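The block underneath contains the structure these notes are about, expressed in structure tokens.
The values are calculated or read from the model by the stated rules, or taken from the named source; none is laboratory data. Computed from a prediction, not measured in an experiment: that's the story for all the values here. Glycine also receives a Cβ, built like all others from the backbone with ideal geometry; neighbour counts cover every protein chain displayed.
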């Protein structure tokens, strides 16, 4: 049985924490049913401030870089980049408003948790019960992905600089699978079609628009392409065969395969 923990040390968010806890408990079975992936025995969500998220994310990026460069011989210049990349990731999360997506991180020994800035729900238009349910389905799906991959499929950018979604095929696969799952599992949790339109239009911070461009995290064409890839390949090879991708990093689709899912399906069956 999955144990759900929603923690917060922020003032005034106890009611929201209780609501999210209830939604997560209700969503475990539908997510497992849709994805064919087991949700881990323990799922931990923390409601945090933007500053705390920035600090935790910067540390996460440094750990991921350490994993990615293990065994490599680095130049002095490359070694100097490691702390700068972690600092830049932390600063960006805090300052440019890119804390408005739930952030899945690990502590370096396989324990993952999702950090969520509560105020960001309103910024992104997640202001109805249906949309909060959809958000928790997405959170559980990412935890299921991470568990199935032993923590390998946790999007974290790349070395020596973080990659944007359009160039990071691990992140694309994860995001596409989350989108595909949310369209199916949320309706099962609610026992009716979810209303996916926010009650008011989400607001993108002006600083984020000016510095990083509109919608830099989602990069909609890449994300839509990834969702289509997941849908078509599952239709072609079945859920069980598709889920091999989480345990084998060599099966991460290439750019060409993401655009032509039949190529990946052919490689999978070879």
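Structure values in brief
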quantity	calculated
Test: residue 70 is at pLDDT 75 or above, in a loop (DSSP other than H, G, I, E, B) and over 19 Å from the mean Cα position of the chain (by Cα)	yes
Subset of segment 33-42 [in contact with a helix residue (DSSP H, G or I) (Cβ under 7 Å, 6 or more places away or on another chain) and either modelled with pLDDT under 90 or not in a helix (DSSP H, G or I) (or both)]	36, 37, 38, 39, 40
Evaluation of residue 64 against (1) crowded, with 17+ Cβ neighbours inside 10 Å; (2) over 30 Å from residue 197 (Cβ atoms); (3) out of contact with any helix residue (DSSP H, G or I) (no Cβ under 7 Å at 6 or more places or on another chain); (4) at pLDDT 80 or above (one fails), failing number	(4)
Subset of segment 10-32 (residues that are touching a helix residue (DSSP H, G or I) at 6+ places or on another chain (Cβ under 6 Å), more than 9 Å from residue 136 (Cβ to Cβ), at pLDDT 95 or above and surrounded by fewer than 19 Cβ atoms within 10 Å (Cβ to Cβ))	none
Filter result for residue 7 (surrounded by fewer than 16 Cβ atoms within 10 Å (Cβ to Cβ) and within 22 Å of residue 129 (Cα to Cα))	yes
Residue count for segment 228-249, restricted to those that are farther than 18 Å from residue 32 by Cα and without any contact (Cβ under 8 Å) to a residue 60 or more places away in the chain	7
Unique residue being over 23 Å from residue 152 (Cα atoms) and either modelled with pLDDT of 80 or more or within 19 Å of the chain's Cα centre (by Cα) (or both) when the list is 121, 115	121
Test: residue 235 is more than 19 Å from the chain's Cα centre (by Cα), surrounded by fewer than 18 Cβ atoms within 10 Å (Cβ to Cβ), part of a helix (DSSP H, G or I) and modelled with pLDDT under 90	no
Flag for residue 205 being in contact with a helix residue (DSSP H, G or I) (Cβ under 9 Å, 6 or more places away or on another chain), modelled with pLDDT under 55, at negative phi and surrounded by fewer than 17 Cβ atoms within 10 Å (Cβ to Cβ)	yes
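Residues are listed down the side, and each one gets a yes or a no for (1) under 23 Å from residue 177 (Cα atoms); (2) touching a strand residue (DSSP E or B) at 6+ places or on another chain (Cβ under 8 Å); (3) not in a helix (DSSP H, G or I):
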residue: 25; (1), (2), (3): yes, yes, no
residue: 44; (1), (2), (3): yes, yes, yes
residue: 61; (1), (2), (3): yes, no, no
residue: 64; (1), (2), (3): yes, no, no
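Yes/no per residue for (1) over 22 Å from residue 142 (Cα atoms); (2) at pLDDT below 85; (3) loosely packed, with under 12 Cβ neighbours inside 10 Å:
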position: 189; (1), (2), (3): no, no, no
position: 212; (1), (2), (3): yes, yes, no
position: 221; (1), (2), (3): no, yes, yes
position: 226; (1), (2), (3): no, no, no
position: 246; (1), (2), (3): no, no, no
position: 263; (1), (2), (3): yes, no, no
position: 268; (1), (2), (3): yes, no, no
